[in-house]
1. Please work out how much length the chain gains when fully extended from S448 to D148, using 0.36 nm per residue of separation minus the C-alpha to C-alpha distance, in nm with one decimal.
2. Could you sort the peptides 136-143, 410-417, 501-508, 447-454 by per-residue average Cβ neighbour count (10 Å cutoff), highest mean leading?
3. Net charge near G319: determine it from the other residues with C-beta under 10 Å of the C-beta of G319, scoring Lys and Arg +1 and Asp and Glu -1.
4. Can you tell me the length gained on complete extension of the stretch N489 to N279, counting 0.36 nm per residue apart and subtracting the Cα distance?
5. Can you grab the distance from the C-alpha centre of the range 206-248 to the C-alpha centre of the range 445-512, Å, no decimals?
6. Please give the peptides 281-293, 72-84 ranked by average Cβ packing (other Cβ atoms within 10 Å per residue), highest first, as a rough proxy for protection.
7. How large a share of the accessible area of the range 259-388, in percent, is made up of carbon and sulfur atoms when the probe is 1.4 Å and the other protein chains stay in place?
8. So how do W300, W408 rank on accessible area, 1.4 Å probe, biggest first, that is with the largest at the start?
Amino acid sequence: MTGGTRRRPRAARRSTVAAIALMVGGAGLIAVNTYASASETNETNQSGTTRLAAGAAGSTVDCPEVADSLPELSEKALAGVSDELAAMDTQVTDAYQRLTRMGTAPGAGEKVKGEVLDPLEKSRAESIGRITDSIGKSTGERPSGLDDLAACEVRTAPGGTTGNGSGDAGADGKDSGDKGSGDQGTGGDGGTPPAAGGENGNGPEATDFVDIRTVRPNVNRAPEARSGASRGSFSVDCGVNENKNYNTDNVIVAPGVTNGAHHTHDYVGNQDVNAFSNNDTFAAAGTSCDAKGDKSSYYWPVMRVQDGTQEFDQNNDGGGKEGNVGKILTAKQAEIKYVGSPTSKVVGMPKFLRIITGDAKAFTNGTANANAHFSCTGFEDKVQLTDKYPICPKGSDVVRSFAFQSCWDGQNTDSANHRSHVAFADANGNCAGGFKAIPQLTMRLVYSVPTPVIANGQVKNAYAVDGFPEQLHKPINDHDDFISVMDQNLMNQVVDCLNKGRNCGAGTPPENGNGAGKGDDDGGKGNGESDDKGGQGGNGGNGKGDTGNGGATEAPAKGGTPNGQDEAKGSGGSGDEAVKSGGTAGADAPRTESTVASEAQRAQSGANPGTSASPSAVSRPEGGEDQEPAGSVNPAPQAEGSQGSLAETGSQLWPAAAGALMLCAGLVVLLRSRRHTARR
């Protein structure tokens, strides 16, 4: 029987073995490459900072904001409440970090509930209890309903359809259009979070960026100025934080609490601002502003490019330990300008007034208080983004713009939620509810940013604004902080300038004509007051004091001719310590919160205030090349000189590619071997 059995030729057996070996080897390479790629998000980077697991990085901890539900409080009661609110921020941060260390999908049953949500709810309930006790002792009445705010949830980052981040600029200075209304996953057991984004795994993601050339024009026309409007502007120059004055405190929201912000701030103006500063230290501090009468504090979250740089705070609270990593970018320009109201005259800000615009927790809180605006130079009068970071074309820089609340309750310099004592004007520019119009602070920060490159759903060279770690570095969280510490003379100048429709301050040329000098103690005033160091206008004031038109014994303001008495200060040109730089918009333009997109950038763009772009217009960067808009929402223009994106992608994928080739070769050899054997 055996003699009739045909033995497979030795060559055929060898071919079969070789084919199987190729297939096994190829499959092995593919598996190893896939495992390595999946493991990258759990590895430790060069700085020792642990990256977040992909499943956890697509989710966050979402808690109700207790501060928004507090009644008005005395300063004494507010201090104790602020401590507890700051403690609750830390509790949420700690819970988020526990979630990320778990490395599990959001909503993973009892593990997430038992190890993240239950302990967080317990600690928040204890803090809320202490808050209600403190308020009860202060006011005699315990607030109700706060206990309901203790519970939190874990939810995914938006995973469905995302908005284009290009809602129309609304009348209150905040976008009223599409806020990126994608599906907000609840983090249930069946949820599938997006892949981890950002250098430290907590954002931003590729979907947080958009090529600005693909976004339709969305800047609305400003309200028309009425009779009696305050049409002027006053610019101040406080630098760009060249001396790198940073900290992670927030003296407004968390006084007395170190690392109360959980992210790093740039500070210009007042140079003694930290968690333990107070009104007395503000008044005694130095300032980076050219006008030494302006000791106001202007501060904002730093912006970083996630390029692997190990900054000074890489291993610190508020820095790398809380997911804020990469090279800190210093703004090329920081334009600070006060503008008037389109409907009325303005009154001076009270000294030590505190204002916050925007919401550092808008991603989880919702957009009620959000006021983020991003654009690119050459596009600002056409496109403003709220929930996207712009990818700017060659020759164009990234711009962050802010317009602060311009209505004040007339009494308080702060409030329990740090918002209710000030408000935005309505769509027509009016202050409601008995509030008074004050000079509106606007800011424009310009950055030279390496162009992010998006490929295969991932972003390389991402940039982002610092934030609370659980906010996943979303652009909607951008915000700005301000404490007014101007001396009375300078504030009077600001108000006078705005109400008279003049453009004054840093960078504005001297105005011709008889200025507004001030006589000595025995003399009268000229046509208006000016600061002792020199105000704005033409020649010096014509004071009519007892000494007549004598020559000045002190140096007059530069550019003016002193015609007043012994201490008259001419107000033409800039004084020894007057502000020096920055441009202004046309004097006939109404300036309100609704025009953050058409106001803070006017000096740069040269556009006529109050105009809107044609929806069909295609924006071109200033000084840039003539480029056609990309065809997708998230294109990947590559920065000139950017290194290694394609090469690096190839180096990461070649094992899988080689494995696939080996697998295919093995199949071919096996099939040919079988056909050859069959023919024999």
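1. Between S448 and D148, full extension yields 103.5 nm more.
2. So the order, starting with the most tightly packed, is 501-508, 447-454, 410-417, 136-143.
3. My count for the surroundings of G319 gives -3.
4. Details: separation 210, 0.36 × 210 = 75.60 nm, distance 1.83 nm.
Gain on stretching N489 to N279: 73.8 nm.
5. For the range 206-248 versus the range 445-512, the Cα centre distance is 6 Å.
6. On the way: 281-293: 18.5, 72-84: 16.8.
Result, highest mean first: 281-293, 72-84.
7. Answer for the range 259-388 is 46 percent, counting heavy atoms of protein chains only.
8. These residues rank, largest area first, as W408, W300.
The values are calculated or read from the model by the stated rules, or taken from the named source; none is laboratory data. None of these values were measured; they are calculated from a predicted model. FYI the Cβ positions are ideal-geometry reconstructions off the backbone, even for glycines, and counts take in every protein chain you see. Accessible surface areas use protein heavy atoms only, side chains included; no ligands, DNA or RNA. Shrake-Rupley method; radii C 1.70, N 1.55, O 1.52, S 1.80 Å.
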